[in-house]
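The values are calculated or read from the model by the stated rules, or taken from the named source; none is laboratory data. Because the structure is predicted, anything quoted here is derived from the model rather than measured. We place every Cβ from the backbone using ideal geometry, glycine too, and count neighbours over all the protein chains shown. Only protein heavy atoms, including side chains, enter the accessible area calculation; ligands, DNA and RNA are left aside. Shrake-Rupley method; radii C 1.70, N 1.55, O 1.52, S 1.80 Å.
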Amino acid sequence: MPDHNAIYKNEAERYHQLISKQPDLRECIDELRPFRGLDIVDLGAGSGRLTAVLAPQAKSIIALDASEAMLEVTAAGLKEAGLTNWSTIAADHRRLPLADQSADLIVSGWSICYLGDSSLADWERNIREVIGEIKRVLRPGGTVIIFETMGTGYETPHPPAFLKPYYSALTEQYGFSHKWIRTDYRFDNAAQSEQLTRFFFGDELADRVVQQKLLQVPECAGVWWLHL
Ligand SMILES: C[S@@+](CC[C@H](N)C(=O)[O-])C[C@H]1O[C@@H](n2cnc3c(N)ncnc32)[C@H](O)[C@@H]1O
């Protein structure tokens, strides 16, 4: 499997090219919490997939991420869109540089999982700290929505074994509701399909993409949400 930390540091633009081949999640978020006029925080915003669709209707949006390089891509997109209601801050999910009760909506896409990997000795403490920070920063009546992988290359959910304990904790320990959606990649041509899947997901999936001549690569995502 490729080194994702190295990708977030050195290949942020290429990551952004990959995820630009997926559907935008505006409607999925708006169904769970209509977001027009809200103060929003995007945890692990990366290159801005969620921030970019929320910002035009948000009152304000703060994009947080451990990687400055990823946040630079987010900032460039928001500037290009002519928006001014945003800021980016480098931060770890376990210590958010935000005031108590300062946000109405917190979203997080494919990011908290890096702290919730059950092969990490501290994964349960990590998740407790992240959920504690989310609850501290949300206003009463606020909402948190978390997206995580349920398997790339699959048409129905196949969550990675090392994330199942974290996913169970979200529903059983922290009281989140849950559903799953499809977030398939639609690539422009065969070369792009192979290159971008190999770059981020590694040889096993990319070899299957080549063998089966896949331009549409199926993916499932879990959605967890909690209203305070
Ligand atoms: C797969 S990307 C997701 C980016 C974006 N949310 C999206 O939907 O495309 C994961 C991001 O999480 C960030 N990340 C990983 N661990 C983190 C942590 N402990 N605190 C803050 N950000 C973290 C990485 O730097 C990376 O930008």
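General remarks:
- Condition check for residue 98: touching a Gly at 6+ places or on another chain (Cβ under 7 Å) and hydrophobic (A, V, I, L, M, F, W, C): no
- Qualifying helices (runs of 4 or more DSSP H) (wholly inside segment 40-135; at least 2 residues being in contact with a strand residue (DSSP E or B) (Cβ under 7 Å, 6 or more places away or on another chain) and away from the ligand (no atom under 11 Å from the Cβ)): 68-80
- Figure legend. Inter-residue proximity from segment 151-162: first residues in contact (Cβ under 8 Å) with a residue 40 or more places away in the chain, second residues open to solvent by 40 Å² or more (accessible area, probe 1.4 Å) and assigned to a helix (DSSP H, G or I), beta-carbon distance below 8 Å, spacing 6+ or different chains. Indicated pairs: 153/208.
- The residues of segment 145-163 that are open to solvent by less than 20 Å² (accessible area, probe 1.4 Å) and under 18 Å from residue 20 (Cβ atoms) amount to a single one, 147.
- Test for residue 53: is it of a type outside the set (S, T, N, Q), surrounded by 22 or more Cβ atoms within 10 Å (Cβ to Cβ) and farther than 30 Å from residue 212 by Cβ: no
- Only one entry of 75, 99 meets the criterion of being open to solvent by 40 Å² or more (accessible area, probe 1.4 Å) and of a type in the set (A, V, I, L, M, F, W, C), and that entry is 99.
- Cross-chain or 6+ apart pairs with Cβ under 8 Å, segment 63-74 first and touching a residue at least 24 places away in the same chain (Cβ under 8 Å), then part of a strand (DSSP E or B) and of a type in the set (Gly, Ala, Ser): 63/87; 64/90; 65/90; 66/90; 67/90; 71/63; 71/90; 74/63
- Complete set of residues in segment 164-204 that are of a type in the set (A, V, I, L, M, F, W, C) and surrounded by 18 or more Cβ atoms within 10 Å (Cβ to Cβ): 169, 170, 176, 187, 196, 200, 201
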